[in-house]
Amino acid sequence: MNTKVQSVFFIFIVQFHFFPVFGQVKKDTTSLSEIVIMASPIRISLQNSASSVAVIQRKDIEKSDGVILTSVLNKIPGVNMQQGSLNTNRISIRGIGARSQYGTSRIKAYFEDIPLTSGEGDTTIEDIDLETIGGIEISKGPNNTSFGSGLGGVIHLFARDTPKKETFGKSVTNYGSYGLIKQSLGAGFSDANSNLFSNYTHLQIEGFRANSSYDRKSVNVHAKQKVGEKGSLTFLGIFTRLKAFIPSSINENDYRNHPEKAAASWAAAQGYESYDKSLLGIGYKHSFSENWSFKTSVFSNFKKAYEPRPFDVLDEKINSIGFRSTLNYKTKLFSMPFEASVGTEMLRERYTFSLFENLYLSQPGQGSLAGREFSKMKQNRNYSNYFLEVNLELLKDLHLESGLALNTTKYTLRDVLPENGNQAEQGYTFGKIWSPRLGLSYQLSPRKNVFSSISKGFSTPLVAETLTPEGQINTDLKPEEGFNYELGFKGYWLDSKLYSELVFYSTQISNLLVARRTAEDQFVGINGGRSSHRGIEFTVNYEILKTSQFEIGTYFAGSFNDFRFKDFVDNGIDYSNIRLTGVPNKQWNIGIDLKTANGFTLNTSFMSMGKIPMNDSNTKFSESYALLDFKAAYSFTILQFLKATVSSGINNVLDRKYAASILPNAVGFGTAAPRYYYPGNPIQFYGGISVSYVFE
């Protein structure tokens, strides 16, 4: 392995010394005080905001391998993304969502203003191609009333635009370990009134583990058009076609001795998921005057999926339509700036699914075969959120943020299997949930702010969690609700070369939703009592050197937490004061970034992950681990209009063995051992080249 690593370094040393004549690098002059939070209806600088918001820029995404956001999100204090495979991931924020079984819940996500979260609260962002993302904002905790006040927070993706007054065509090709091939073709156009960005990507990988090959094709179109002097139209369209095999989790013996194996049942069934998915949205923004502005969007999602699993074959279809509108008013109140925003978001979703027997055991070696249909259901999911936000400068250096949201969520379920006759529709609503918020930010001195906030949030159960083993809706199940308290500091030092951020938070949750597993393929939701989420998050960025030839910067970020159950009793067992399942008690990152005037960049990062409780009784923990990654690139220009970048990198340089994800509370049925572990990839090499033809 050392020989391979030395070879990669040698290639870039040669490029650095022998190709400086074509070198070109753009200076990064953006400081935190200039960054504006874009997701919120009321725009405010990141420095002055009274909450903890992480802003990920395009340059941060480009430091990764370009395949998935795991390494990018895990650099954010308080955010933990566990990657079981490219299509099996779980994101938690401050411990919220850590006990989800196979995906991300309790956290909302948007692409621009279009929800990526389904009507029941399930979120998938891993199939959004990284070439199409211009930036990301992560609001931690229930601090965003305009997007539903979810307990975990909101992940907001922004579409990539074409640079102003530029027309380009671009080709990107990447290769890597375990059969990685990624090919992208992009094109864009921009002038004073229009902006168009389009991209096609085909991503393939065989995978480190058996039964883990992945094939995804995606098309993305993002367009903006000015309409008159005061209006603008936007369009966003994403189409995704995926077929991804599923290795699933494995037991401890296989994890330690044969991590490349798939779970025996999934390998025998050759289990996979495939789907066609589209996301469409049209938005309009209009400024009536200096005081009044209006923004609205209409969106639609469609997904048709097929998933053969060892225990059954799932055939499902999701259709949704919704809209989102905000009206803003800006003025001065007693000579102090004042702005208010009122709006609504509504989503109507129809979900139909059928379950078939899987006959793979009757034809060994042939994979899954759908047999008799034994279940067919139709669900309707209705979601509404009404919100009001008010920002006010109480004093010159004192900024107030306040908000109030009203949410209603309703599910209906109907059995439509012909042999079961004409079943009555079951319905359930969680009633009206009010979510207030209040925050204050005070500028101690130029570019140094302290802030505090208190907010209330909630999380509704997934539809699967609301059902009893007999398929009836459990009307006694309640949504999680909790209060979040924050106190923080943001500030620059040493002539703005050093930036530091420190946040203390406490989230107290009641009606805790927990999943009780009843079979390999089945679990039910219960309200398990209360949980306490307390922690510290910190970020330090330091500009070591900045000259006309070199830029060297470093960062250190992390979180330490104390997440515990409170008053949690399940099946007569008291788990009170035990650590929360599925999330590490500490996580930190350190890295160094280098840029030169002749186009060479080097990014290194070192991540440390603490031990994770794997069951509610805390009798089993995953092992802590650390990962070292690096990526180097060289950019140059030929004939003034052809721009090229060659890059190469290594993930898991030290070739550590680790559990990239765990299945909380795994249960062994019969004589089988519990399958807790999703093994992480060993050392991975990748490299690529991009070529852009640019007209300015």
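Once you divide the Cα radius of gyration of the range 77-213 by 2.2 N^0.38 Å, the number left is 1.21.
As a rough footprinting exposure proxy, the listed residues 540, 227 were ranked by other beta carbons within 10 Å of their own, and the order from fewest upward is 227, 540. Between residue 181 and residue 546, the modelled label-to-label distance comes to 4.3 nm, taking each label 7 Å out from Cα in the direction of the beta carbon.
Counting beta carbons within 10 Å around each of 638, 91, 321, 138 and listing the fewest first gives the order 638, 321, 138, 91. Annotation for the range 248-268 versus the range 283-326: alpha-carbon center distance of 37 Å. For residue 667, the residues whose modelled amide H falls within less than 5 Å of its own, excluding neighbours fewer than 5 places apart on the same chain, are 675.
Using the Cβ-Cβ distance between residue 394 and residue 311 with R0 = 51 Å, the FRET efficiency computed as 1/(1 + (r/R0)^6) comes to roughly 0.30.
Normalised by the number of residues in the chain, the mean separation of alpha-carbon contacts (under 8 Å, six or more apart) gives a relative contact order of 12 percent. A simple charge model with +1 on the Cβ of Lys and Arg, -1 on the Cβ of Asp and Glu and nothing else charged puts the dipole of the range 2-695 at about 1020 debye relative to its Cα centre. The trypsin sites (Lys or Arg not before Pro) found in the range 141-206 that occupy coil by DSSP, while having at most 12 further C-beta atoms within 10 Å, are 164, 165.
Dividing the mean sequence gap of close Cα pairs (under 8 Å, 6+ apart) by how many residues the range 651-696 holds gives a relative contact order of 43 percent. With a cut-off of 20 Å on the backbone N, the residues of the range 177-201 near the modelled label site 7 Å out from residue 644 along Cα-Cβ are 182-187. Each of residue 590 and residue 192 was given a label point 7 Å from its Cα along the Cα-to-Cβ line. The distance between the two points is 5.3 nm. Note on residue 490: lysines with a C-alpha under 16 Å away, same-chain residues under 8 apart excluded, are 140, 448. Full extension of the chain between residue 683 and residue 34 gives 229.8 nm of extra length, using 0.36 nm per residue less the Cα-Cα distance. Working note: Karplus 6.51/-1.76/1.60 with θ = phi - 60° gives the range 164-176 the couplings 4, 6, 9, 10, 9, x, 9, 10, 10, 10, 10, 10, x Hz, where Gly and Pro are set to x. From the largest down, the range 362-501 spans 72, 44, 19 angstrom on the principal axes of its Cα atoms. Taking 20 Å as the limit for the C-alpha separation, the pairs 497/595; 165/217; 108/620; 164/226 exceed it in the case of 165/217; 108/620. Distant-in-sequence amide contacts of residue 563, defined by a placed amide H-H separation under 5 Å and a gap of 5 or more residues or a different chain, comprise 534, 580. Decide, for the chain, between rounded, prolate and oblate: order the square roots of the alpha carbon gyration tensor eigenvalues as a ≥ b ≥ c, take rounded if a/c falls under 1.5, and otherwise choose prolate if a/b is larger than b/c, else oblate. Rounded. Projecting the Cα atoms of 212, 201, 188 onto the charge dipole of the range 157-232 (Cβ charges, centred on the Cα centre) puts 188 farthest toward the positive pole.
Would you please give the FRET efficiency between residue 357 and residue 260, computed as 1/(1 + (r/R0)^6) with r the Cβ-Cβ distance and R0 = 41 Å, to the nearest 0.05? Each step should come with its number before you reach the end.
Numbers: r = 30 Å, r/R0 = 0.73.
FRET efficiency, residue 357 to residue 260: 0.85.
Spacing of the modelled spin labels on residue 474 and residue 386, each 7 Å from Cα toward Cβ, amounts to 3.1 nm. Label zone (residue 294, point 7 Å along Cα-to-C-beta; backbone nitrogen cut-off 13 Å) within the range 312-351: 325-329.
For the residue pairs 478/611; 285/330; 611/657; 432/566; 230/330, the C-alpha atoms sit more than 19 angstrom apart in 478/611; 432/566.
The numbers here are math on the coordinates, done by the rules we state, and not lab data. None of these values were measured; they are calculated from a predicted model. Cβ atoms come from the backbone with ideal geometry, glycine included; neighbour counts cover every protein chain shown.
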